Amino acid sequence: MRFTIFSFLLTLSSLALAQSPEHTAPQYEVESHLRFLASDELQGRRTGEPGNFIAARYIAENFRAFGAQPLPGADGYFQHFPLETVTPPSASALKIGKTAYEHRKDYLMMAGDALNAKTTAVFAGHGWVDASAGHDDYKGLDVKGKVVFVISGLPDDSSPMAAFNSIRDKRRLAQERGAVAIIELYRLGFPWQFALQYFGKSSTRVGDDSPDKATIPYGWLKEKGNDALAEIVKGAPQKITLSSSGASVTRKMVPNVIAVIPGSDPVLKDEYVLLSAHFDHVGTGKNGGSPFTAADSIFNGARDNAFGTSALLLAARTLAQQKTKRSIILLACNGEEMGLLGSLYYADHPLIPLRQTIFNLNADGAGYNEVTKISAIGHGRTGTDEHIESAAAAFGLGVIPNPVPEQGLFDRSDNVSFAAKGVPAVCISPGVTGFDETLMKYYHQAPDEAASVDMPYLLRYCQSFALLARRIADDAAKPIWKKGDKYESAGMKLYQK
Ligand SMILES: [Zn+2]
């Protein structure tokens, strides 16, 4: 075929079609996001502190500037949630029969109102009730005004996860039946000394807003063997005195930042791709959890996670500029460093029903030691691998699938909050080949500052993330959990297939 100026123009215009706004994004755009978010002025963006609110405001006003819209049910671009810090009771005394137990040595009161009780102690199995399974540990048992002792964990699951996740319900079940306190017999795999240390400190979580939330004292006790407690477990109630000074609880509302970009396809716009990145970090000084100096006590979190937040902001701009077929939810998560709190809250309180969210693409990482690649955590699990590889290749980058598996990275960022609900999810991290010296120099360290960031690499990482979001949101095929994946059944339940 002969070459004509007409075919040359055709070629040019088809090339222009293949170009989306990600391809022409300038470095100064993402660099300015990262430099602002990681600035000393923001004091490490610790959840609930002024710098964290300023970061949230910055993200919200950028969403507005790009033309992304607020979601119904949000307060403008903010989804507020309660951050609750519980400090265990400072003083407590416990005597069962003739045996006295020492607080913070033999047992640990962790939560609940103040109490001064002289009553009876009874044993209630696991303290669990599951009507659908015909299981009721309280059957025929009167616990009114008494202290209830139960085994940690669930009847069919003694894992630490089951133990932690069932605490709220177990306290409520005991309180509903009139018990004045509930104490779990500590039978978890962690050493008791570790549990005392770890759970004896203040802890922060999403506050419980349910009207029937439990307030009775709750604690753990390490069994000694042959004493009055052993009699209780055998089914012989004993005399008990229990006092507690009560836990102190402080509450504060903190924001996730959220917006939507409606899709362009009349049908597919009812499906949503959820883009997420956490914008909080650990703060300053002792709160940072790592060594610091008087000269540098700010944990700027340039890599963790101003990096991923910049990718989210770039995607917000380019996807709003040139729409995708599916709609896009932009979610800047708060409280990640305190236990994925913001994403857990959104997953429990979604502003668009979760079954309409077909995918979660998360941007987060510990840092990088390989700037010719990005890392794909969750690679090989959701049918999106080709998109990941082609989006990275468009900016000259390779892909490291599931780096450092022994670190369990998939379950350590916000993507897991959605995966656990069944939403197929992948986390795009900067290139990491191992938790080596280069990585650990910055990971949760004071030197993780903007000045040390490879800005050309930041741009290519952000571009890959935004283009990947575009390709998934435009693909006629939906991501799906691979057969046998640990989240496959949750996915089937969510989407009712
Ligand atoms: Zn992070």
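The values are calculated or read from the model by the stated rules, or taken from the named source; none is laboratory data. Please read all numbers here as calculations on a predicted model, not as lab measurements. In this analysis, Cβ positions are derived from the backbone assuming ideal geometry, glycine residues included, and neighbour counts consider all displayed protein chains.
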Of everything in the range 208-222, what is at pLDDT below 90 and crowded, with 17+ Cβ neighbours inside 10 Å? Give them in sequence order. 214
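Matching residues to (1) away from the ligand (no atom under 16 Å from the Cβ); (2) aromatic (Phe, Trp, Tyr); (3) surrounded by fewer than 24 Cβ atoms within 10 Å (Cβ to Cβ); (4) at pLDDT 95 or above:
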residue: 235; (1), (2), (3), (4): yes, no, yes, no
residue: 246; (1), (2), (3), (4): yes, no, yes, yes
residue: 270; (1), (2), (3), (4): yes, no, yes, yes
residue: 287; (1), (2), (3), (4): no, no, yes, no
residue: 296; (1), (2), (3), (4): yes, no, yes, no
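Within the range 409-487, considering only helices (runs of 4 or more DSSP H) that don't extend past its boundaries, which have at least 2 residues that are assigned by TED's automatic domain parsing to the domain that holds residue 328 and surrounded by fewer than 24 Cβ atoms within 10 Å (Cβ to Cβ)?
437-440, 455-474
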For the range 1-56, enumerate the residues that are at pLDDT 85 or above, over 20 Å from residue 320 (Cβ atoms) and loosely packed, with under 13 Cβ neighbours inside 10 Å. 41, 50
Please go through (1) at pLDDT 95 or above; (2) in the same structural domain as residue 164 (by TED's automatic domain parsing) for residue 96 and return the number of the only condition it doesn't satisfy. (1)
So residue 400, is it touching a helix residue (DSSP H, G or I) at 6+ places or on another chain (Cβ under 9 Å) and assigned to a strand (DSSP E or B): no
Those residues of the range 446-497 which are of a type in the set (Lys, Arg) and touching a residue at least 12 places away in the same chain (Cβ under 8 Å) amount to 460, 470, 471, 478, 482, 493
Scope the range 325-336; condition surrounded by fewer than 24 Cβ atoms within 10 Å (Cβ to Cβ) and not hydrophobic (A, V, I, L, M, F, W, C); matching residues: 325
Looking at 315, 302, 347, 320, can you tell me which residue is touching a residue at least 60 places away in the same chain (Cβ under 8 Å) and within 13 Å of the ligand (Cβ to nearest atom)? 302
Among residues of the range 197-207, those that are surrounded by 13 or more Cβ atoms within 10 Å (Cβ to Cβ) and either closer than 19 Å to residue 151 by Cβ or free of Cβ contacts under 8 Å to residues at least 24 places away in the same chain (or both), counted: 1
Within the group 416, 423, which residue is within 15 Å of the ligand (Cβ to nearest atom), in contact with a helix residue (DSSP H, G or I) (Cβ under 8 Å, 6 or more places away or on another chain) and on the phi < 0 side of the Ramachandran plot? 416
Looking at the range 160-178 only, could you name the residues that are farther than 18 Å from residue 223 by Cα and of a type in the set (Gly, Ala, Ser)? 162, 166, 174, 178
So, of the residues in the range 170-201 that are within 27 Å of the chain's Cα centre (by Cα) and among the charged types (D, E, K, R), which turns out to be farthest from residue 114 (Cα to Cα)? 187
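Residues checked against (1) within 16 Å of the ligand (Cβ to nearest atom); (2) surrounded by fewer than 24 Cβ atoms within 10 Å (Cβ to Cβ); (3) assigned to a helix (DSSP H, G or I); (4) without any contact (Cβ under 8 Å) to a residue 12 or more places away in the chain:
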| position | (1), (2), (3), (4) |
| --- | --- |
| 249 | no, yes, no, no |
| 252 | no, yes, no, no |
| 255 | no, no, no, no |
| 265 | no, yes, no, no |
| 308 | yes, no, yes, no |
Inspect all residues belonging to the range 370-391 and state whether any of them is crowded, with 24+ Cβ neighbours inside 10 Å, closer than 23 Å to residue 78 by Cα and within 15 Å of the ligand (Cβ to nearest atom). no
